[in-house]
Amino acid sequence: GQSLEQPSEVTAVEGAIVQINCTYQTSGFYGLSWYQQHDGGAPTFLSYNALDGLEETGRFSSFLSRSDSYGYLLLQELQMKDSASYFCAVSILDDSSYKLIFGSGTRLLVRP
Amino acid sequence: DAGVTQSPTHLIKTRGQQVTLRCSPISGHKSVSWYQQVLGQGPQFIFQYYEKEERGRGNFPDRFSARQFPNYSSELNVNALLLGDSALYLCASSHSGGDGYTFGSGTRLTVV
C-alpha cells in the first residue's frame, strides 16, 4: 500500500523559518508535491520535485531524497498569512494508473 | 483566464439519492482528477481522466463513476448516497496528468 507521514501540527513565530517533513512508502513513485490549503479554501500547488535536491520558489523551498523516501517543505520569513494546512503528495504510476496520493496534512500556526 | 470551475458549490441530498458534480478544467488542460476531502484529512484520490480516458482509479466503491467529455470537462456521479459520502469534492486539472495540479474550489456535499 501507499503511506505518507507528516507532522499533524507545527507552530512558529512570524519572521522565523519552519520545516515540514514528509516520509513516504510507495511503489511506482515519480514525484513529490506540496500543496497549501487555507480553511474553507482549495489546495494550492506550491512545488514539485521529481529529482533529488532542492527547488526554490520565493520564500518556499522543497527538498527530495528519493533514496531516503523523504522530502521537506521549508518556509522562510514566515508571515501570518502562511497559517494554513500543508500537504505533501506523491505522484505514482501504479499498474498503468496515475494517482496523486496526499498525506494527512500539517497544520501550521504562525504566531505574532 | 478562468481557473478550474466546479458546480454546484453546495449541495444537500438525501440518503439513497444520486448526485452529479461538474468540473471545467483550465483551458488547454487535458487531464482532470477528482478527490474527496473529509474535514481534517487530506484529499483522497477518486479518479483521473486524460483525453477522455480513465487513467487512474482510487479505492472507492462502484457507486462512484466519472467521465470526461470532448471539451475536457468532467462529471463525477455518485449513486445510492450514504451519510459517509458527505465531504468536499475537489476537481483538479493539469496539462498532462503529471505535476502541478490546479484545484477548483470544490463542491460541498451534505447527505442527510
Unique residue being open to solvent by 50 Å² or more (accessible area, probe 1.4 Å), in contact (Cβ under 8 Å) with a residue 24 or more places away in the chain and facing chain A (nearest Cβ under 10 Å) when the list is B:S33, B:S105: B:S105
From A:S62, A:S67, residue being closer than 21 Å to A:Y30 by Cβ and out of contact with any Asp or Glu (no Cβ under 7 Å at 6 or more places or on another chain): A:S67
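Yes or no, residue by residue, for (1) in contact with a Gly (Cβ under 7 Å, 6 or more places away or on another chain); (2) under 21 Å from B:I46 (Cβ atoms); (3) within 13 Å of chain B (Cβ to nearest Cβ); (4) crowded, with 19+ Cβ neighbours inside 10 Å:
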{"site": "A:E14", "(1), (2), (3), (4)": "no, no, no, no"}
{"site": "A:S33", "(1), (2), (3), (4)": "no, yes, yes, yes"}
{"site": "A:T44", "(1), (2), (3), (4)": "no, yes, yes, no"}
{"site": "A:T57", "(1), (2), (3), (4)": "no, no, yes, no"}
Qualifying residue in the stretch B:50-62 (condition: at pLDDT 95 or above, within 11 Å of the chain's Cα centre (by Cα), farther than 16 Å from A:S97 by Cβ and open to solvent by less than 80 Å² (accessible area, probe 1.4 Å)): no
Condition check for B:L90: open to solvent by less than 40 Å² (accessible area, probe 1.4 Å), out of contact with any helix residue (DSSP H, G or I) (no Cβ under 9 Å at 6 or more places or on another chain), away from chain A (no Cβ under 14 Å) and not in a helix (DSSP H, G or I): no
Any chance B:H95 is open to solvent by 60 Å² or more (accessible area, probe 1.4 Å), within 24 Å of A:L46 (Cβ to Cβ), modelled with pLDDT under 95 and more than 12 Å from chain A (Cβ to nearest Cβ): yes
Segments classed as strands (runs of 3 or more DSSP E), wholly inside the stretch A:1-70, with at least 2 members that are under 30 Å from B:H10 (Cα atoms): A:29-37, A:44-49
Any chance A:D94 is within 12 Å of another protein chain (Cβ to nearest Cβ), open to solvent by 70 Å² or more (accessible area, probe 1.4 Å) and within 21 Å of B:Y35 (Cα to Cα): no
The lone exception for B:L83 - which of (1) more than 22 Å from A:K99 (Cα to Cα); (2) within 14 Å of chain A (Cβ to nearest Cβ) it fails: (2)
Residues (more than 8 Å from every other protein chain (Cβ to nearest Cβ) and of a type in the set (S, T, N, Q)) located in the stretch B:36-59: B:Q36, B:Q37, B:N59
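The values are calculated or read from the model by the stated rules, or taken from the named source; none is laboratory data. A quick note: this is a predicted structure, and the numbers were derived from the prediction, not measured. Counting neighbours? That spans all protein chains shown, and the Cβs are built from the backbone with ideal geometry, glycine included. Each accessible area value is taken on the protein alone, full model and side chains, heavy atoms only, with ligands, DNA and RNA left out. Shrake-Rupley method; radii C 1.70, N 1.55, O 1.52, S 1.80 Å.
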